[in-house]
1. Is it the case that region 264-276 has a residue that's touching a helix residue (DSSP H, G or I) at 6+ places or on another chain (Cβ under 9 Å), surrounded by fewer than 21 Cβ atoms within 10 Å (Cβ to Cβ) and free of Cβ contacts under 8 Å to residues at least 60 places away in the same chain?
2. From the list Gly77, Gly91, pick out the single residue that is more than 26 Å from Val333 (Cβ to Cβ), at pLDDT below 95 and in a loop (DSSP other than H, G, I, E, B).
3. What are the residue pairs meeting all of these: first residue in region 155-177, first residue assigned by TED's automatic domain parsing to the domain that holds Glu66, second residue in a loop (DSSP other than H, G, I, E, B) and basic (Lys, Arg), Cβ atoms under 7 Å, and 6 or more apart or on different chains?
4. Please verify whether region 10-30 includes one or more residues that are outside the structural domain of Gly237 (by TED's automatic domain parsing) and either at pLDDT 95 or above or part of a strand (DSSP E or B) (or both).
5. Answer with yes or no whether Gly339 is at pLDDT below 95 and not in a helix (DSSP H, G or I).
6. Which ones in region 226-235 are free of Cβ contacts under 8 Å to residues at least 40 places away in the same chain and either small (Gly, Ala, Ser) or part of a strand (DSSP E or B) (or both)?
7. Could you tell me how many of the residues in region 391-405 are over 18 Å from Leu310 (Cβ atoms) and of a type outside the set (Phe, Trp, Tyr)?
8. Quick one: would you say Asp266 is of a type in the set (Asp, Glu), under 20 Å from Gly77 (Cβ atoms) and either assigned by TED's automatic domain parsing to the domain that holds Thr112 or assigned to a loop (DSSP other than H, G, I, E, B) (or both)?
Amino acid sequence: MRWRWPKAARTRAGHEGERERQRQVSNDSAAGNGEVWDVIVVGAGPAGSAAARAAAAAGRRTLLLEKAELPRYKTCGGGIIGPSRDALPPGFELPLSDRVHAVTFSLNGRMTRTRRSKRMLFGLVNRPEFDDALARSAVAAGARLRTGAQVSRVEQHGPAVPDRRTVAVVLAGGETLLARAVVGADGSASRIGTHVGVRLEQVDLGLESEIPVPPEVAADWKGRVLLDWGPLPGSYGWVFPKGDTLTVGVIAQRGEGAATRQYLSDLVGRLGLAGFEPSVSSGHLTRCRTDDSPLSRGRVLVCGDAAGLLEPWTREGISFALRSGRLAGEWAVRIADAGDAVDARRQALNYTFAVKSGLGAEMGVGRRLLEVFSRRPRLFHTALVGFRPAWVAFTRITRGSTSLAGIVRTSPMARRVLEMRERP
């Protein structure tokens, strides 16, 4: 079943004369197959598709590269909270598998309580369908999608670069593509991120199983998710229902692999799901950037997981990917139009400021919350199950009417919680 969110207003500005001039410059200096793209985006996840759509909607010749064939599996709970919904393209139809109206909270399997809401809290998607739909929305906006294209490196100087206003994207087979600007959205193990010099502060291991269940079990979970605060510092587990399949996963700090696997096994066992064979079992690393990590180098930008952009406490990354991807696409257009290195650098710095002033502020609050949560998970659990203002804040964040940073700005109680990280 598909559900259409209300259309958001969007303003598009164009400079047709400048676009035509840039196209002519591209044609004049083309190499290889005779093409110089305005923008090349590497990676067709939510961040890459958002970037490609933004650049293509601005009228620029945009190429979206993806190493796999779409749709492809992605380890992810697939929760679409309010900020993710609001960052989707106008008219985008979410392929929802379920609508969440209830959350069961537990503290490592104990002190279980379910809280319910008359209004929907958030939606759940299967990532293969969701990512494929986003890539198609970028194509509909004018981007060209090329799958099976593994990028080995990018070059901004050297024999593959015909002039200083182009970037060479070199594929695994040796083919070279040229662009006026490049956006790296190639995941947490990003080659483009390595080129830019992304520095990481926090790395976590997520493990997940997709477990098909019989109708009576699926009915028990319909519209309800589980959030379990785990036994390892900063860890938690989840159950997300998606029709006849339950997505069950855990996440914890990297370096605790055996304990994290045991946590997942224990979670599955105590939920009575050990007798069902998973259709998929997978793992991935989530990475958070340092506050001063670069987001650009020359005419190359990074966004989403490639930039280490996600919320450090919940490790929620879809909304960060969509929002940073859109910004990257918009500023990649400005970089593509830049006539020299100074102007390109100015636009790249503007992109960095836009990301840090919004998403960076949210990440800062998330880091502080993770510090307190790692030491006092019982405090968080008790607040969410027994303190109405905490539950109201949770519902407002998931629906998108506020953010973690917004709660801290307006709530003296939230600020006092953050101050606990300073206490022994």
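The values are calculated or read from the model by the stated rules, or taken from the named source; none is laboratory data. Nothing here was measured: the structure is a model prediction, and the numbers come from that model. Methodologically, a virtual Cβ is constructed for each residue, glycine included, from the backbone with ideal geometry; neighbour enumeration extends over all protein chains shown.
1. Just the residues of region 264-276 that are touching a helix residue (DSSP H, G or I) at 6+ places or on another chain (Cβ under 9 Å), to begin with: 272-274, 276.
Keeping just the survivors that are surrounded by fewer than 21 Cβ atoms within 10 Å (Cβ to Cβ) gives 272-274, 276.
Now narrow it down to the ones that are free of Cβ contacts under 8 Å to residues at least 60 places away in the same chain: 272, 274.
There is at least one residue in region 264-276 that is touching a helix residue (DSSP H, G or I) at 6+ places or on another chain (Cβ under 9 Å), surrounded by fewer than 21 Cβ atoms within 10 Å (Cβ to Cβ) and free of Cβ contacts under 8 Å to residues at least 60 places away in the same chain.
2. So the residue among Gly77, Gly91 that is more than 26 Å from Val333 (Cβ to Cβ), at pLDDT below 95 and in a loop (DSSP other than H, G, I, E, B) is Gly77.
3. Between residues of region 155-177 that are assigned by TED's automatic domain parsing to the domain that holds Glu66 and residues that are in a loop (DSSP other than H, G, I, E, B) and basic (Lys, Arg), the close pairs are Gln156/Arg299; Val167/Arg299.
4. no
5. Spelling it out, Gly339 is indeed at pLDDT below 95 and not in a helix (DSSP H, G or I).
6. Taking region 226-235 first, the residues free of Cβ contacts under 8 Å to residues at least 40 places away in the same chain are 232, 235.
Passing the criteria: only Ser235.
7. 7
8. Details: of a type in the set (Asp, Glu): yes; under 20 Å from Gly77 (Cβ atoms): yes; either assigned by TED's automatic domain parsing to the domain that holds Thr112 or assigned to a loop (DSSP other than H, G, I, E, B) (or both): yes.
When the stated conditions are applied, Asp266 passes them.
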